[in-house]
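The values are calculated or read from the model by the stated rules, or taken from the named source; none is laboratory data. Just so it is clear, the structure is predicted and the values come from calculations on it, not from any experiment. Positions of Cβ are generated from backbone atoms using ideal geometry, with glycine treated the same way; all protein chains shown enter the neighbour counts.
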């Protein structure tokens, strides 16, 4: 009888330990990381210099048999500014309308990807900013339409215009969620945005080769009131964003990475 009671107690202890282990594992799987320069920092070693080119196409309600096509180029370079190692990221957005052409230059610290500078030409209009952990203000350069802009920050944040590069530096894993403090220069104040790894999927690239990707999901409401959802496919081994699917304003937008042998479109025809 004494042996039976001891055995029952032993089983209860083993069961309790197993339950605690399962709960701990579930807690780890469902972990949420707060991503900003003060908490969990980005792993900048994962951001590889080079050129990424994306074909971007839109499907609009009532025009399901038409596509609006764009070519978006992102060039990542390592550089030095004021004796500090930085990333220089240049973007070129091409479409059939020259007034919608974008040329964007962003400078970020190579240590933690903190924003330092951001300038965007849309058509011929320039908005340029100096960016720090404590605030952002218009740069004192000619023809800057944001020269008088100023906003103080309660805490440091990341440049939302560089969301792709930011995602490529996250420690993606099954069940992980990330709360990232983003700011879109010149617009609403910084805010935390939640992104969730909703699973994994293999997608086909050249020669029908399969690439295992994490699927990163977010949703929210735009400042104009419309609801949006976004899904990003990021390769597990290369940490590259290969595909993006967005729903907003009744529209569907895809962004698909082009192969490496696609010709780089130089910016030699632009005035800026």
Check: Just checking, how many residues over segment 185-204 are surrounded by 13 or more Cβ atoms within 10 Å (Cβ to Cβ) and assigned to a loop (DSSP other than H, G, I, E, B)?
Finding: 3
Checklist line | strands (runs of 3 or more DSSP E) fully within segment 47-166 counting 3 or more residues that are in contact with a helix residue (DSSP H, G or I) (Cβ under 9 Å, 6 or more places away or on another chain) | finding: 68-81, 84-94, 102-109, 115-122
Next item on the list: Go through the residues of segment 217-225 one by one and say whether even a single one is under 18 Å from residue 50 (Cβ atoms), at pLDDT below 95 and part of a loop (DSSP other than H, G, I, E, B).
Entry: no
Check: Looking at segment 112-134, which of its residues are modelled with pLDDT of 95 or more and on the phi > 0 side of the Ramachandran plot?
Finding: 113
Notebook entry, point to check: So how many residues does segment 198-216 have that are on the phi > 0 side of the Ramachandran plot and at pLDDT 95 or above?
Noted result: 1
Notebook entry, point to check: What is the residue count in segment 188-197 for residues that are at pLDDT below 95 and more than 30 Å from residue 152 (Cβ to Cβ)?
Noted result: 0
Check: Pick from segment 226-238 the residues that are outside any loop (DSSP other than H, G, I, E, B) and exposed (fewer than 13 other Cβ atoms within 10 Å of the Cβ): which of them is modelled with the highest pLDDT?
Finding: 229
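Which count do you get for residues in segment 68-86 that are within 28 Å of residue 248 (Cβ to Cβ) and surrounded by 14 or more Cβ atoms within 10 Å (Cβ to Cβ)?
8
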Note to self: Step by step: first the residues of segment 76-132, then only those that are in contact (Cβ under 8 Å) with a residue 12 or more places away in the chain and out of contact with any strand residue (DSSP E or B) (no Cβ under 9 Å at 6 or more places or on another chain), then the one that is farthest from residue 55 (Cα to Cα). Which residue is that?
What the structure shows: 112
Next item on the list: Of the numbered conditions (1) surrounded by 15 or more Cβ atoms within 10 Å (Cβ to Cβ); (2) free of Cβ contacts under 8 Å to residues at least 60 places away in the same chain, residue 172 fails exactly one; give the number of that condition.
Entry: (2)
